[in-house]
1. Residues that are touching a His at 6+ places or on another chain (Cβ under 6 Å) and under 23 Å from residue 56 (Cβ atoms): which strands (runs of 3 or more DSSP E) entirely in segment 257-358 hold 2 or more of them?
2. Would you please name the residue that is least open to solvent (accessible area, probe 1.4 Å), looking only at residues in segment 63-94 that are touching a residue at least 12 places away in the same chain (Cβ under 8 Å), among the charged types (D, E, K, R) and under 17 Å from residue 19 (Cβ atoms)?
3. From the set of residues in segment 210-224 that are open to solvent by 10 Å² or more (accessible area, probe 1.4 Å) and touching a residue at least 60 places away in the same chain (Cβ under 8 Å), which is nearest to residue 51 (Cα to Cα)?
4. Among the residues in segment 53-69, are any under 26 Å from residue 280 (Cα atoms), at pLDDT below 95 and in contact with a helix residue (DSSP H, G or I) (Cβ under 9 Å, 6 or more places away or on another chain)?
5. Within segment 114-138, count every residue that is hydrophobic (A, V, I, L, M, F, W, C) and at pLDDT below 95.
6. Given (1) in contact with a helix residue (DSSP H, G or I) (Cβ under 6 Å, 6 or more places away or on another chain); (2) open to solvent by 60 Å² or more (accessible area, probe 1.4 Å); (3) charged (D, E, K, R), where does residue 179 come up short, assuming only one miss?
Amino acid sequence: MLADAVDPAAVRRVLVVKLRHHGDVLLASPVFQVLRNHLPHAEVDGLVYGETRDMLEGHPAITKLHAIDRAWRNQGVALQASRELDLLGALRERRYNLLVHLTNHWRGAWLAQMLRPRWSVAPQRPGRFWDWSFSHRYALPKTTPRHTVEANLDALRRIGIYPEEDEKPLVLVPGAAAEARVDKLIAEAGLAAKGFIQFHPTSRWLFKTWTDAKNAELLRGLANDGHRIVLTGAPDERERAILARIIEQAAAPLVDFSGQLTLREMAALSGRARLFIGVDSAPMHIAAAMGTPVVALFGPSGEKEWGPWRVAHRVVTSDHPCRPCGLDGCGGGKVSECLTLLPVERVRSAVNELLSAR
């Protein structure tokens, strides 16, 4: 047992801070459930960026969800300061006595200083101010890859809260409105639950994407095999342009929901899909959270840290000895050859293998 473990009976309110992107926030969802299970008398709140709150909205273990709007910084110094002070006031009113900071973002250190919880935990990073800000700091592996879910849970292990295996699944709640809209959309498209494959070929990081031609070839092959396919994508103009080219080249029967779904609606759709195909992206993690089998293409990012979590899956990678490199394309050129050179037949084989296993 840890000599400096927190006293569970003394914890009344917890603030969990995860200021990253959508997928990162979703991969932190087990932290809230573990805290609620081990501290049933405590209230557990979250602090995230506003655009990512859908990843945690409706989470049964979260009492209150605070959000930072990144647009504040574009609204002028006075208005940004006002918004920040309002947020700080709301956080202070909650009187947290445990702060769990899951990144090395400096805001976490400032919050620890301003909120003065009895206990606070964050990843290790150099700097006296960082060390002074937190009562506990947890180590992350330097050489051996560790899945991000487990790395998040290491924050709790460091303070003496040890997760059980059945507490580690991702938690994502689409909500009744999202479920109803998706049921209506798939019915209008003549689809049935578990009667279609969801294909999401894009990512906000374009160096994580496959080529248009290979995506189109895979779609044609799947359609020729008799699969109904639903195409999804973000409303981002760049991604919509990619999807338009893929659809044109595929010349196959598809149902196109790209740009039409909120993230919670995307979750509802993924939960009704027979299989998800995509790259390392938030929608891939959403599908895994909904329990849908996943075929994921990985290039410069590492599947050991970011792979589909606790769901039937196949990861397709190249044999490039330099991957995963973490670069935004080879040489920083925004094109990742470890992805672009992946043959279509390998991906199609992974799809067929996973479908057969199911």
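1. On the way: elements: 275-279, 294-297, 313-316.
It comes to none.
2. 84
3. Looking at the filtered set, the residue picked out is 210.
4. Looking only at segment 53-69, we keep the residues that are under 26 Å from residue 280 (Cα atoms), and these are 53-59, 67-69.
If we keep only those that are at pLDDT below 95 as well, we get 69.
Subsequent filtering for residues that are in contact with a helix residue (DSSP H, G or I) (Cβ under 9 Å, 6 or more places away or on another chain) retains 69.
Yes.
5. So in segment 114-138, the residues hydrophobic (A, V, I, L, M, F, W, C) come out as 114-115, 119, 121-122, 129-130, 132, 134.
Now narrow it down to the ones that are at pLDDT below 95: none.
Counting residues in segment 114-138 that are hydrophobic (A, V, I, L, M, F, W, C) and at pLDDT below 95 gives 0.
6. Exception for residue 179: condition (2).
The rows are residues; the columns are (1) open to solvent by less than 20 Å² (accessible area, probe 1.4 Å); (2) of a type in the set (Ser, Thr, Tyr); (3) at pLDDT below 95; (4) over 15 Å from the mean Cα position of the chain (by Cα).
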| position | (1), (2), (3), (4) |
| --- | --- |
| 206 | no, no, yes, yes |
| 228 | no, no, no, yes |
| 233 | yes, no, no, yes |
| 236 | no, no, yes, yes |
| 244 | no, no, no, yes |
| 250 | yes, no, no, yes |
| 257 | yes, no, no, yes |
| 262 | no, yes, no, no |
| 286 | yes, no, no, no |
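Matching residues to (1) under 23 Å from residue 341 (Cβ atoms); (2) not hydrophobic (A, V, I, L, M, F, W, C):
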residue	(1), (2)
146	no, yes
152	no, yes
168	no, yes
174	no, yes
178	no, no
202	yes, yes
206	yes, no
230	no, no
234	no, no
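The values are calculated or read from the model by the stated rules, or taken from the named source; none is laboratory data. Small disclaimer: the values here were computed from a predicted structure and weren't measured. Methodologically, a virtual Cβ is constructed for each residue, glycine included, from the backbone with ideal geometry; neighbour enumeration extends over all protein chains shown. All accessible areas refer to the heavy atoms of the entire protein, side chains included, with ligands and DNA or RNA removed. Shrake-Rupley method; radii C 1.70, N 1.55, O 1.52, S 1.80 Å.
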